[in-house]
Amino acid sequence: MSTSFHPDEKGFYGPYGGAYIPEMLIPNIENLKKKYLKILNSDSFRKNFKTLLEDYAGRPTPLYYATRLSEHYGSNIWLKREDLAHTGSHKINNTIGQILLAQEMGKKRIIAETGAGQHGVATATVCALMGLKCVVYMGETDIERQAPNVARMKMLGAEVKTAISGSRTLKDATNEALRDWIANPLNTYYLIGSVVGPHPYPDLVARLQSVISGEMQWQLRNKTGKAEPDYVVACVGGGSNAAGSFYHYLDTPEVKLIGAEASGQGLTTGKTAASIALGETGIIHGSMTYLMQNDDGQITEPYSISAGLDYPGIGPLHAWLNQTGRAKYLSVTDQEALDAALRLTRKEGIIPALESAHALAALDQLELKPEENVIVTISGRGDKDMKTYMEKLKLR
Ligand SMILES: *Cc1c(COP(=O)(O)O)cnc(C)c1O
């Protein structure tokens, strides 16, 4: 088996990935597969993507030397500040890229699924920017839990459709979005929010998010004379900010790649989202990967304090990076993430998203040396999590 970290023609990373889809979706996926690389590599796409990333999303995001956090860990800790990007996280990189792709493909209507609502907001944002119709599917349970993001999407002009099947969460919203795409194959583009789903989505999203590690390389070189850090650390829900943070270092084995997944209340409690630590191989959302399932093969409901990490699977690239040992995945509990969020806030004056706090907490599990350089991706800002912080950190 090859140990390339890029997918083969059929979208496989080793045994993971592929496109396990209903027959009625094959024409849509084939069409996307035929066009995405050609469009991504075209001069006009590259120019438009670069301009929007810079002037609209605020890139490059800073690579910040965290002095007081470095003292705490006795090592050199650098923060890649995706929290400073427009809409408050890395998700905007992907939605800008895919909206340009959809336009090139002549699509007039955009659909998306969302759990916590962050991807829904990023999608509604770029649809407003381009004047395209936007429909976001969201589980009924999530709509209740995430009212501010629902309001944002509506203010941005998106139609939020309620998924009322199953557990009424992300996987049900995904099923309804797929049904919509089958019913509207010609005018509609399905904008997926992470490195998940059938090929070519995992590769497409990883390429769009690779802007993160592309910037890390020249930023670290400018600051230290060396483009390669000793570690890159990122949290993993579906795995897009981690894929983007790892991308340009995948074939540089001296750079240790660390993913932090959410173990929720603990690996053995049943209230967890640790798809790598606990997952088995199976098919979820059209791709072969690790996922959490019960003895009957039913996908189990994930749990994490951070809504962005509670996804029952993991992108196929990460399953492969784990199996080959190229990246290492650590489990972080709710409590460890909360402690890490408070530490960053008190030491650096940066309130991180709860997802990003998982990456910060993973630092406690590494044996860092004084001369080493460690880049931690702060995938998003903490504004959206203030309700949880107020409750758990007793700020009332
Ligand atoms: C959605 C989200 C994540 C998790 O998604 P990935 O695809 O794993 O990156 C992490 N952090 C933030 C701030 C998010 O909004």
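The values are calculated or read from the model by the stated rules, or taken from the named source; none is laboratory data. All values reported here derive from a predicted model rather than from experimental measurement. For neighbour counting, all protein chains shown are included, and Cβ atoms are generated from backbone atoms with ideal geometry for every residue, glycine included. Ligands, DNA and RNA are stripped out before the accessible areas are found, and what is left, the full protein with its side chains, is counted by its heavy atoms. Shrake-Rupley method; radii C 1.70, N 1.55, O 1.52, S 1.80 Å.
Here the chain carries DSSP beta bridges of which approximately 30% are antiparallel, counting only pairs with both residues inside. Across the protein chains, with a 1.4 Å probe defining accessible surface, the residues K91, K226 rank K226, K91 from largest area downward. Taking the Cα centre of each part, how many Å lie between region 195-218 and region 227-292? One Cα centre to the other: 14 Å. Shown are I283, I111, whose ranking by accessible area with a 1.4 Å probe and every protein chain present, most to least, is I283, I111. Distance from the Cα centroid of region 295-335 to that of region 32-83 is 24 Å (rounded to whole angstrom).
For T324 and H6, the difference between the fully extended length at 0.36 nm per residue and the C-alpha to C-alpha distance is 113.2 nm. Label positions at W218 and S165, each projected 7 Å from the Cα along the C-beta direction, are separated by 4.6 nm.
Compare M292, M155, M386 by solvent-accessible area with a 1.4 Å probe and give them largest first, with all protein chains kept in place.
Greatest to least solvent exposure: M155, M386, M292.
Amide H contacts for I284 (H built 1.01 Å from N in the peptide plane; partners 5 or more residues away or on another chain; cut-off under 5 Å): T289.
Computed about the Cα centre, the dipole magnitude for the chain is approximately 1160 debye when only Lys and Arg (+1) and Asp and Glu (-1) carry charge, each at its Cβ. Taking every DSSP bridge with both residues inside region 1-139, close to 45 percent are antiparallel.
At a Förster distance of 30 Å, what's the computed FRET efficiency of T252 paired with E280, Cβ-Cβ distance as r, to 0.05? So the FRET efficiency works out to roughly 0.45.
How many times 2.2 N^0.38 Å is the alpha carbon radius of gyration of region 139-280?
1.28
Summarising the strand pairing of region 182-301, around 55 percent of its internal DSSP beta bridges are antiparallel. Peptide packing for 113-121, 203-211, 262-270 was compared via the average number of neighbouring C-beta atoms within 10 Å per residue; ordered from the highest value, the list is 113-121, 203-211, 262-270. Per the Debye calculation on the chain with a single equal scatterer at every Cα and no solvent contribution, log₁₀ I(q)/I(0) for q = 0.06, 0.12, 0.14 Å⁻¹ amounts to -0.20, -0.88, -1.25. Taking the chain, the Cys residues with no second Cys beta-carbon under 4.7 angstrom are C235. With the convex hull of its Cα atoms as the shape, region 82-192 has an orientation-averaged projected area of 6.2 nm². Each residue was assigned an accessible area with a 1.4 Å probe, and for H248 the value is about 80 Å².
Each label point was placed 7 Å from the Cα along the Cα-to-Cβ direction; for K108 and K35 their separation is 1.5 nm.
A probe of 1.4 angstrom, applied to the heavy atoms of all protein chains, finds K47 with accessible area near 140 square angstrom. Sorted on the mean count of surrounding Cβ atoms within 10 Å across their residues, most packed first, peptides 21-31, 127-137 read 127-137, 21-31. Under the simplified labelling scheme, the N184-Q265 pair shows an inter-label distance of 3.9 nm, with each label point 7 Å from Cα along Cα→Cβ. Ellipsoid semi-axes for region 6-87, based on the Cα gyration tensor and the rule √(5λ), read 37, 21, 11 Å when sorted largest first.
Counting only heavy atoms of the protein chains, get the accessible area per residue of the chain (1.4 Å probe) and round it to a whole Å² value.
On the way: 15940 Å² over 396 residues.
Dividing the accessible area of the chain by its residue count gives 40 Å².
Ellipsoid fit via the Cα gyration tensor, region 41-106: semi-axes of 32, 11, 9 Å, each the root of five times an eigenvalue, largest first. Rounded to the nearest 10 square angstrom, R221 shows an accessible area of 120 square angstrom against a 1.4 Å probe.
Roughly speaking, to the nearest percent, how much of region 250-396's 1.4 Å accessible area is carbon and sulfur? Ligands and nucleic acids excluded, carbon and sulfur reach 47 percent. Take the residue pairs K10/K38; K171/K256; K10/K161 and return only those whose Cα atoms are more than 27 Å apart. Where the Cα-Cα span goes over 27 Å, the pairs concerned are K171/K256; K10/K161.
The share of accessible area on region 32-179 that comes from carbon and sulfur is 52 percent, using a 1.4 angstrom probe.
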